[in-house]
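Written out below as structure tokens is the structure these notes cover.
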Amino acid sequence: MAPVIEIEGLRKQYPRHFRGRRRGPIVAIDGLDLSVPEGGVFGFLGPNGSGKTTTIRCVLGLVRPTSGRMRLFGADVPRGLPAAIRSVGSIVESPAFFPTMTARENLRLLAGIDGIPNTRVDAVLERVGLAGRAGDLVRRYSLGMKQRLGLAAALLKDPALVMLDEPANGLDPSGIRETRELLRDLGAEGRTVFVSSHLLAEVEHTCDRVAILSRGRCVAAGTVDELLDRHHHEMIVRVDDLALGAASLGRAGMAAERRDGHLLVRVAPGDAARVTEALAADRIWVSELRPVEHSLEERFLELTASDPDPDPERHIERDVEAVPA
Ligand code: ADP
């Protein structure tokens, strides 16, 4: 099955002006490669300013990349976008609704534009848990409810791909929890949910796969387990005599460092048995053997440690581009 989103060597730079003078460009995306398979929740993670929004905007044809290739459902972007976009529901910026209209009226208006029947409006309101408040004016909605209404709007066309940029921004913990559950459900029913976030904790338990972005590049991608497993080749080994243990492991080709009361051994993932085998051959008995647990949070911080704060000049002169038809 072809990936739902494929990105190769994507680059986007923005001209930078300061006090009316042109400076070197801002490189928002720096040769990004990314492949999003069909189905499930895909977390697009990175600190603020790492290029998440720009990437999403490029894929949706809202910003023209400087170079690189993108495909959506196998169709080249932007050429094949008019057809492919029919299967995409997205929220990139806070969606605008008419505050003096009810939620249902707002959605009916949107549905009408796309020729979607009104029955679908009630189905999506139900889906996001707003059925009971569908007749309320949007201006009475809380931020969390507006976010859910945005998601309802994105679901109107029953999209195979849902793209959400930082959906938890501004939500309280219960709002975050509800969004998380909804995204998980959408992913579980076979849709592909692509969700960006700078908060790892928000997506760690929601996502099937993640990609970590740093300075406009993908620095790690895979299932959450895969990302963590790479670090599991550090084992804590407890033996009575640390010096003898370290020497024994050294002879077997495994580097062991002496730490406070234990040895730290680096082995290939799944190679724990070699540790016990080598020590047992020297009649050294292991009282504890366990992998050093790293959280995804640690991994994320480690991978993105070099990220600077978002460009301090970003608000001075931003160019907002339109993509030619
Ligand atoms: P993220 O979504 O990860 O926070 P963005 O894609 O918004 O990151 O931004 C990546 C970089 O590109 C930042 O340095 C930002 O200041 C810059 N940038 C984004 N949009 C524009 C724009 N329209 N004009 C100039 N610089 C921009």
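Compare 144, 24, 40 in a GNM of the chain, Cα atoms joined below 10 Å, and give the one with the largest fluctuation.
Evaluated over the chain, the most mobile residue of the options is 24.
Suppose R0 equals 30 Å; then what is the FRET efficiency for residue 93 and residue 118 from their Cβ-Cβ distance, rounded to the nearest 0.05?
So the FRET efficiency works out to roughly 0.70.
Modelling each spin label as a point 7 Å along the Cα-to-Cβ direction, I'd like the residue 143/residue 238 distance in nm, to one decimal.
For residue 143 paired with residue 238, the spin-label model returns 4.6 nm.
Which residue fluctuates most in the GNM of the chain (Cα springs below 10 Å): 41, 265, 162?
Fluctuation is largest for 265.
Kindly state, as a whole number, the per residue volume in cubic angstrom of the convex hull around the alpha carbon atoms of the stretch 157-211.
Spread over its residues, the Cα hull of the stretch 157-211 gives 85 Å³ apiece.
Once every DSSP H run of n ≥ 4 in the chain is given -39500 (n - 2.57) and the sum is divided by its residues, what mean residue ellipticity at 222 nm do you get, rounded to the nearest 500 deg cm²/dmol?
Roughly -9000 deg cm²/dmol at 222 nm, from the helical runs in the chain.
Starting from the Cα of residue 174, step 7 Å along the direction of its Cβ; do the same at residue 131; then give the gap between the two resulting points in nm.
It is 2.0 nm.
What three numbers, in Å, describe the spread of the alpha carbons of the chain along their principal axes, ordered from the longest?
Answer, in whole Å and largest first: 78, 53, 37 Å.
Tell me the per residue accessible area of the chain using a 1.4 Å probe; a whole number in Å² is fine.
Numbers: 16570 Å² over 325 residues.
Normalised by residue count, the accessible surface of the chain is 51 Å².
Counting C-alpha atoms alone, how compact is the stretch 1-149: give Rg to one decimal and Dmax as a whole number, in angstrom.
18.7, 54
Under the √(5λ) rule applied to the eigenvalues of the Cα gyration tensor, what semi-axes describe the equivalent ellipsoid of the stretch 106-217? Give them in Å, descending.
25, 17, 12
Give the percent of DSSP beta bridges with both residues in the chain that are antiparallel, rounded to the nearest 5.
Of all bridge pairs located within the chain, approximately 65 percent are antiparallel.
Evaluate the charge dipole of the stretch 96-205 about its Cα centre and quote only its size in Debye, nearest 20, assuming +1 on the Cβ of each Lys and Arg and -1 on the Cβ of each Asp and Glu.
Computed charge dipole of the stretch 96-205: roughly 340 debye.
Report the GluC sites (Glu not before Pro) located in the stretch 130-239 that are in a DSSP loop and have at most 16 other Cβ atoms inside 10 Å of their Cβ, or state none.
Passing both the DSSP loop test and the Cβ count: 189.
Which one of 160, 249, 237 is farthest out on the positive end of the charge dipole of the stretch 151-256, using unit charges on Cβ (Lys, Arg +1; Asp, Glu -1) and the Cα centre as origin?
The listed residue farthest towards the positive side: 249.
Can you pull the percent of the chain's accessible area that's carbon plus sulfur, 1.4 Å probe, other chains left in place?
50
Rank 184, 238, 69 by mean-square fluctuation in a GNM of the chain with C-alpha springs under 10 angstrom and give only the top-ranked residue.
In the Gaussian network model the winner is 238.
Would you compute, for the Cα atoms of the stretch 64-131, the largest minus smallest coordinate along each principal axis and list the three values in descending order, in whole Å?
Extents along the principal axes, in whole Å: 43, 22, 21.
Taking only complete DSSP H runs, can you tell me which helices of the chain stretch 15 Å or more along their own long axis by Cα positions and average at least 0.0 on the Kyte-Doolittle scale?
Those that pass (Cα extent of 15 Å or more, hydropathy at least 0.0) are 103-113, 143-155.
The values are calculated or read from the model by the stated rules, or taken from the named source; none is laboratory data. The model shown is predicted, which means the values in this text are computed figures rather than measured ones. All Cβ positions, even for glycine, are placed from backbone atoms using ideal geometry, and neighbour counts span all protein chains on display. Calculation scope for accessible area: heavy atoms of the full protein, side chains included, ligands and nucleic acids excluded. Shrake-Rupley method; radii C 1.70, N 1.55, O 1.52, S 1.80 Å.
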